[in-house]
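To start, the structure itself, in structure tokens.
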Amino acid sequence: MTFPRLMWLVIPLTAMGAAGPPEGGTTDTLAVVSDYDSGDYFWVRDGQKQPMHGMREAWVFNRAMTWLEERDGVEGAVICYSTQSPLPLTGKRQVSRWFTGKANELSDLDDETTRFVKKDAKAEFDHALLPALQFHIEQHPTAEFEVTEATHPWRFVVAVKGRSGPPLYASPWQEKPGKLTVELLKLFRAKGYQRHFAQLTFAVFVHAKEQANVAFRLRLNGQAMVIPCLPIVRRAERAKKDGVAIYAVFVDAQGRRPPKGEVEVSGAVAGQRFELVGDGKGIWKGIATGLGVGEHKVQLSGVWQGKGMKPLTSTLDIHITDGRFIGYDEKLKLLTEGGKPIGPFAGSYRGAPMFKGIGTPAESLVQGQEQWAAVQGTVHEGQHFNHGGPLYGFNWWESLTEKELDSDYAYLARCGWSVVHLCQGWWLWERLDAGGRIAPHGAEQLAAVTAAARRHGLHLHLALSHYPLGKQSAPYAQYLEAGYERGDYGKPDSKFYAMFKDYLSHFTTLFRDDTGISGFTAAGEGDPDCGPAFVNAVHDFVASRDPNHLFLCEPHHGMRQDPNYYRKTWKPLLGGMRTYFVDRQPIEAVAAQFRLAALGHVFMAEGIFWGYSGGPTQTDRYRERVRETFYTGLALRNPIMMTWEERVVENERQVLGEVRRLVDWSRPFQRPRLAIRVGAESLPDAGGKALLRYETALSRLPLDYACIWGDESAPPDTLHTIDARQPFEEPAFASDGGKLPDALKGDIPLRLPAAFAATYCWSQDRTQLLAFIRSTTPATRQGAATTTEAGHYTYADTTLAFDRDTQVDAWEAECVKPGAIQLHVYRIEGDQMVRIGESDTVEMRQPGPNRFRLARPIAAKKGDLIGFYIRDGDTHVAAEPGGRMLFIEGRLAEPRTPLRAWAAEAKTARVAAFNATEAARPKPPIAAPAPAAGILLQNFPSANLAFRLYDLAHKRVVAEGVFEKGATLSVPQGARHLFLLVHRND
């Protein structure tokens, strides 16, 4: 297994004792890889990876950084800079902290020098590392590195945090002590970064099989600089009324603010020049007026009085927004923009976009399935090691240039996205909270993100933190030094809360007027772990300073109880759910979950992470599942729908974006007159099948319905109620021998061809219809199985769970290669897997379905799992990607085994077990009316209406026209997923 060679960016420099690559590597390439699956950052050299030391430790945020804010006279802005220069990064006076492996040693020899002793005999190449240092790179543009002692070859490396590929800088190997200077600012600008703040990781490598010793010094040299405040975002209304206050400081080469009268500072923006007035303490303020909606760049200039020196310049970004914030209409259960209802938002988490050609001049985003097909390899380790294909990988959002952000967001807008989800403060992700202060690098990058979002009509959904500090990501040392403990999340009077609110104060100062942000959560999916006390405190504090943005929460990891349970203790109204645990079930399970969400104010916060929790991994299957989920949610008007880290199939929202623009969302939609009572036992997420079965049956009529929780009263206009807590009854109309009132037939807007189903919503005046129409013929079973299971293994298929108590006396397996097989039935009891029954060993004699009778019936209970044992490695039973298959090598002698002994894979087998008599029993009355020749529109009013029928696979309109009362539409041959929009032809 080999790793494609990365280009090595070689920077010429003058140094003593330069050496060629050490023995053991022909090219000695070096690259940075961020491996999402393994949860670490790695150095990669000649195909071998080594974790970066210290990336999971408690980092020390730049101790020389200072923040000037409202208490310092800086109103509506924040200024950040370092108060000393040069900036010492080694020795006892260092402003951060170095790390190395547990077997190695680090010590500070004096105020400036650190010693690295490599002792790990397992690592021939090893390193010491200073992770993710944030500093003003214009204030400190160069790095000065010196090795005073060296027993073995060494090299100095600098990398941009979150960036894959070659490091920003890598020195040649040196054999002797030496000194070098690195022009960090020039390298940073050459990579396309225009930010004032950098976030760089520094490393010192040694090459030795035995113990090695390197003593080194590192500092960032400073220069005099005019330093503006962090980016400013203002509503046009505020900017017009008060102007925009611009703040800056002037610092000398030692990081000091000169006394009053020694410098002058001026600015220019949008054709106007203005003077900044000093406050006598080195803080300068000016007012810019007449700035219209859009992006403006202020040119700042600072000069020493009477010294005849060249002016020092810098820039400041000002963003003037139109004030059209995203809100929420509680009655319509839809988002609003500027007070006007808008359709469902659709997007995904976008923390690590995919790139091709990493480290080459052709490096660019991978956009769409065709580009993905051109770069993907055949075998992968994690998500970032590409074996067998051209180089590709991932760059985290904090490392993207403005040009890359603009390209990515323009692409997402073309794909129909309306929202981008970002989190921070988890694992190795970007951190906006610098230990109770805003992290300036993150603030600048976030301002660039929201600016790109506004330019392309997108909105950012942002988590202000994540899981409790220390659960997965160590907090900054500043929190630990203040006495932080995990239990502080439940103590609103703790020092932790006070520090966290200082961070929130900075954040809201900077972003409260940003219309590129749709809303916040306190901790995203970490909300339940952080707890209601924390979530509510963050909600209250943010709302007190920022009345413009929505504040949401994410209480549902799995929806296994009353969807509105969180409203009893959590203050945010909108609550997020996930579809992960139904992603391996039929799409009707997702539809049922969206209907449960409509009981309250619940949105889809996450779902369909490639392969997660048994979700699909094969690209076309993944694409179909994403499509089915979003258009089901659109038809049921879920207000926000987001997947997790979705790539390759981003354009599955293209039609959705067009439909959103065509619908008049202010027009109320009717509540169905059919209601279904549900309880915890009915929920697909909790393993219940009843609601799923009703959803499946009713979508084939198709007849809309609404859920009622437990014994709550049905709405007054309800015509019929089904209780899903009781045994399932196939729904059918009274005229067909069922219990549904025939009056409900008048509530059906569509008749469908055979083998089609629909999920829809209809406006109260019946002039608007949104309908997701789908084929019910399983695409994956129209040909040969896409994968198989074979011996010598025992299997338990968690996807094939019995939906009721059953006396199993027959079973069927689809054979791919003939041979012996044995049916098993398993039950999970606590942490044990228990085999409660098995068949005799039988022979699958020919490819295709093979049916068998059991000599002794097995009493299976609801929730039991179908399993099987295959003895021969050359015997194969058909299977498909998706689902969750547990397996263990060999045949288990004992009926009871620990669950932890079983491995899992994302498959489900084509095996069934059932009661033969029940299977042969005549079916209940056919619920659906006779199939239509096409899609028949019916029960519409006598009004001038228009229709559009989209083929979702091809992303195009296949039929459109006008009608009154009714019409018949042809279904394109081979179409599996259609979306129908009916609206007024005004």
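Among the residues of the stretch 463-494, those identified as of a type in the set (Gly, Ala, Ser) and at pLDDT below 95 are GLY470, SER473, ALA474. Do we have LEU230 as in contact with an Asp or Glu (Cβ under 7 Å, 6 or more places away or on another chain) and either at pLDDT 95 or above or surrounded by fewer than 24 Cβ atoms within 10 Å (Cβ to Cβ) (or both) here? Yes: the conditions hold for LEU230. For the stretch 457-470, the criterion of being surrounded by fewer than 19 Cβ atoms within 10 Å (Cβ to Cβ), farther than 29 Å from PHE345 by Cα and either within 27 Å of the chain's Cα centre (by Cα) or not hydrophobic (A, V, I, L, M, F, W, C) (or both) is satisfied by at least one residue. Looking across the stretch 554-601, just one residue is under 23 Å from the mean Cα position of the chain (by Cα), surrounded by fewer than 18 Cβ atoms within 10 Å (Cβ to Cβ) and hydrophobic (A, V, I, L, M, F, W, C), and that is LEU573.
Apart from one condition, GLN194 fits all of (1) of a type outside the set (D, E, K, R); (2) buried (at least 18 other Cβ atoms within 10 Å of the Cβ); (3) out of contact with any strand residue (DSSP E or B) (no Cβ under 6 Å at 6 or more places or on another chain); the exception is (2). Can you find even one residue in the stretch 644-662 that is in a loop (DSSP other than H, G, I, E, B) and farther than 24 Å from ARG623 by Cβ? Scanning the stretch 644-662, I find no residue that is in a loop (DSSP other than H, G, I, E, B) and farther than 24 Å from ARG623 by Cβ, so the answer is no. Here are some residues: VAL298, VAL375, VAL366. Which one is surrounded by 21 or more Cβ atoms within 10 Å (Cβ to Cβ), modelled with pLDDT under 95 and either out of contact with any Asp or Glu (no Cβ under 7 Å at 6 or more places or on another chain) or of a type in the set (A, V, I, L, M, F, W, C) (or both)? Answer to the selection: VAL366. If the condition is being part of a loop (DSSP other than H, G, I, E, B) and either over 22 Å from GLN223 (Cα atoms) or in contact with a His (Cβ under 9 Å, 6 or more places away or on another chain) (or both), then the stretch 301-322 contributes only ASP322.
Scanning the stretch 99-107 for residues that are surrounded by 20 or more Cβ atoms within 10 Å (Cβ to Cβ), in contact (Cβ under 8 Å) with a residue 60 or more places away in the chain and not aromatic (Phe, Trp, Tyr) turns up nothing. For the stretch 182-235, the set of residues classified as in contact (Cβ under 8 Å) with a residue 24 or more places away in the chain, basic (Lys, Arg) and more than 26 Å from ASP120 (Cα to Cα) consists of LYS186, LYS191, ARG195, ARG219, ARG234, ARG235, listed by residue number. In the condition set (1) acidic (Asp, Glu); (2) out of contact with any helix residue (DSSP H, G or I) (no Cβ under 9 Å at 6 or more places or on another chain); (3) crowded, with 19+ Cβ neighbours inside 10 Å, GLU330 is compliant with all but (3). Entry remark, the stretch 717-726: residues being closer than 14 Å to VAL678 by Cα and surrounded by 16 or more Cβ atoms within 10 Å (Cβ to Cβ) number 4 in total. Taking the residues in the stretch 663-686 that are in a helix (DSSP H, G or I) and small (Gly, Ala, Ser) as candidates, determine which candidate is nearest to ARG595 (Cα to Cα). Ranking the candidates gives SER682 first.
Hey, does the stretch 737-748 have a residue that's crowded, with 17+ Cβ neighbours inside 10 Å and under 30 Å from ASN915 (Cβ atoms)? Within the stretch 737-748, one or more residues are crowded, with 17+ Cβ neighbours inside 10 Å and under 30 Å from ASN915 (Cβ atoms).
Let's see how each residue does on (1) modelled with pLDDT of 95 or more; (2) over 18 Å from MET55 (Cβ atoms):
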residue: GLU404; (1), (2): yes, yes
residue: VAL420; (1), (2): yes, yes
residue: GLN424; (1), (2): no, no
residue: ALA434; (1), (2): yes, no
residue: ARG437; (1), (2): yes, yes
residue: GLU444; (1), (2): yes, yes
residue: ALA447; (1), (2): yes, yes
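Give me the residue from the stretch 750-778 that is surrounded by fewer than 23 Cβ atoms within 10 Å (Cβ to Cβ) and β-branched (Val, Ile, Thr) and, out of that set, modelled with the highest pLDDT. Across the stretch 750-778, the extreme among qualifying residues is THR767. For the stretch 264-295, the set of residues classified as of a type outside the set (A, V, I, L, M, F, W, C), under 21 Å from GLN194 (Cβ atoms) and surrounded by fewer than 19 Cβ atoms within 10 Å (Cβ to Cβ) consists of GLY294, GLU295, listed by residue number. Across the stretch 126-168, the number of residues qualifying as at pLDDT below 95 and over 30 Å from VAL249 (Cβ atoms) comes to 3. Do any residues in the stretch 576-591 that are assigned to a helix (DSSP H, G or I) have Cβ atoms under 7 Å from those of residues that are surrounded by fewer than 22 Cβ atoms within 10 Å (Cβ to Cβ) and among the polar types (S, T, N, Q), where the two are at least six apart or on different chains, and which pairs are they? Here the result reads TYR580/SER613; PHE581/SER613; GLU588/THR696, each pair linking the stretch 576-591 to a residue that is surrounded by fewer than 22 Cβ atoms within 10 Å (Cβ to Cβ) and among the polar types (S, T, N, Q).
For ALA77, the conditions (1) farther than 30 Å from GLY278 by Cα; (2) outside any strand (DSSP E or B); (3) at pLDDT 95 or above all hold with the exception of (1).
Applying the condition of being touching a residue at least 60 places away in the same chain (Cβ under 8 Å) and outside any strand (DSSP E or B) to the stretch 795-818 and asking which residue is surrounded by the most Cβ atoms within 10 Å (Cβ to Cβ) yields PHE802.
Of the residues making up the stretch 727-737, not a single one is of a type in the set (D, E, K, R), part of a strand (DSSP E or B) and within 20 Å of ARG673 (Cα to Cα). Of the strands (runs of 3 or more DSSP E) that lie entirely inside the stretch 821-934, those containing 2 or more residues that are more than 11 Å from TYR795 (Cα to Cα) and modelled with pLDDT of 90 or more span 832-838, 842-844, 848-860, 876-889, 896-898, 911-914. Within the stretch 134-191, which residues are within 22 Å of ALA439 (Cα to Cα), of a type in the set (Phe, Trp, Tyr) and in a strand (DSSP E or B)? Residue satisfying the conditions is PHE135 alone. Residues in the stretch 385-402 that are outside any strand (DSSP E or B) and either within 17 Å of the chain's Cα centre (by Cα) or at pLDDT 85 or above (or both): ASN395, TRP396, TRP397, GLU398, SER399, LEU400, THR401, GLU402. The sole residue among LYS333, LYS307 that is more than 18 Å from LEU230 (Cα to Cα), among the charged types (D, E, K, R) and free of Cβ contacts under 8 Å to residues at least 12 places away in the same chain is LYS307. Total residues in the stretch 459-476 satisfying the condition of being outside any strand (DSSP E or B) and either touching a helix residue (DSSP H, G or I) at 6+ places or on another chain (Cβ under 6 Å) or among the β-branched types (Val, Ile, Thr) (or both): the figure is 4.
The values are calculated or read from the model by the stated rules, or taken from the named source; none is laboratory data. Everything numeric in this text was worked out from a predicted model, so none of it was measured. Neighbour counts run over all protein chains shown; Cβ positions are idealised from the backbone, glycine included.
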